[in-house]
1. Apply the Karplus parameterisation 6.51 cos²θ - 1.76 cosθ + 1.60, with θ equal to phi minus 60°, to every residue of region 138-149 and state each ³J(HN,Hα) to the nearest whole Hz, in sequence, with x for glycine and proline.
2. Amide H of residue 216: which non-local residues (sequence gap of 5 or more, or other chain) have their own amide H closer than 5 Å, using H built in the peptide plane?
3. Which FRET efficiency value, to the nearest 0.05, do you get for residue 176 and residue 62 by plugging their Cβ-Cβ distance into 1/(1 + (r/R0)^6) with R0 = 35 Å?
4. Using θ = phi - 60° and the Karplus form 6.51 cos²θ - 1.76 cosθ + 1.60, what ³J(HN,Hα) does each residue of region 192-200 get, whole Hz, x for Gly and Pro?
5. Using modelled amide H (1.01 Å from N, peptide plane; none on Pro or chain starts), what sits under 5 Å from the amide H of residue 123, excluding residues fewer than 5 places away?
6. Quick one: net charge around residue 160, please, counting Lys, Arg +1 and Asp, Glu -1 for every other residue with C-beta under 12 Å from its C-beta.
7. Would you please give the residues with an amide H less than 5 Å from that of residue 110, counting only those at least 5 places away or on a separate chain, with H modeled from the backbone geometry?
8. Counting Lys and Arg as +1 and Asp and Glu as -1, each charge on the Cβ, what is the dipole of the chain about the Cα centre in debye, to the nearest 20?
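Here, each number is a calculation from the coordinates, and none is a lab measurement. All of these numbers come straight from a predicted model, not from anything done at the bench. All Cβ positions, glycine included, derive from the backbone under ideal geometry; neighbour counts span all protein chains shown.
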Amino acid sequence: MQLDDQRASGNVEDRRGMRMVGGGLGVGGVVIAVIAYFLGFDPGTVLNVAEQVTSQRETREAPKGAPADQMGQFVSKILGSTEDVWGKIFQRSNSRYRPPTLVLYDGLVRSACGMGQSAMGPFYCHGDEKLYIDLAFFRDLRTRFRAPGDFAQAYVIAHEVGHHVQNLTGTLQKMEVARGRVSQAENNRASVRMELQADCYAGVWGHHAGTMNQLDSGDIAEALNAATAIGDDRLQKQTQGRVVPESFTHGSSEQRVRWFKRGMDSGRPKDCDTFSTSSL
Ligand SMILES: [Zn+2]
């Protein structure tokens, strides 16, 4: 990517290296299960850890603004780029884009949706309008998922920003209302639609990053490779040796690639309507 001319967003909270104090059991873990994850992570596993640490708190106030280190600068510039792109898109429809905050953390983090942990992968919490990323995930992306490249990392951030856009447009709330009233299979299908739309929104951002000359040749291939690597079918095959489509929550590799590409090609959020299409 070419980010020399991109301003770094100041909407970054750097909680890296912050120690947690306190202890005891709480109920925050329940909320965690409903956060939209980037990966098809099993919420049950999260719950256990989350309940143990939910009443812990950070020892000091986190510094705000773009961090000075290289990775901190990179994520702040990607966030800045998403702010510029979505700001213009919202303006065109006469509304205002309220940017999210990006929280960098190590290991464990407190959010309005409960405790988060690295193993969950990056996540967005609508309760505080923040996206949470442990930068160790980028290393996993490169090594464990074999998806290297700066644009692969940017896609991860843009996907979480996509969930924030769903929050601003009311899509996330509609889904929360439906949850609990329908079967698990139905919930999973709705989740796939949400996730594929977030992938498409990441593509919409990528389209405009391209028009701002922020992309190198090979960047799009990096994102498509990442989308392939984190498809539910690919992850299930790796972790449990078989593929169970009914339990998909994020979509297959092919679907994730296709919806990212659709946003990338068109640059228009209205082409990301994963809810009314019959062919996902
Ligand atoms: Zn997601």
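1. Each residue of region 138-149 in turn: 5, 5, 4, 4, 6, 8, 5, 9, 6, 10, x, x Hz.
2. 2
3. With a Förster radius of 35 Å, E is 0.80.
4. 4, 4, 4, 5, 5, 5, 5, 5, 5
5. Residues meeting the amide H criterion: 132.
6. Here the count lands on -2.
7. Residues meeting the amide H criterion: 116.
8. Computed about the Cα centre, the dipole is about 380 debye.
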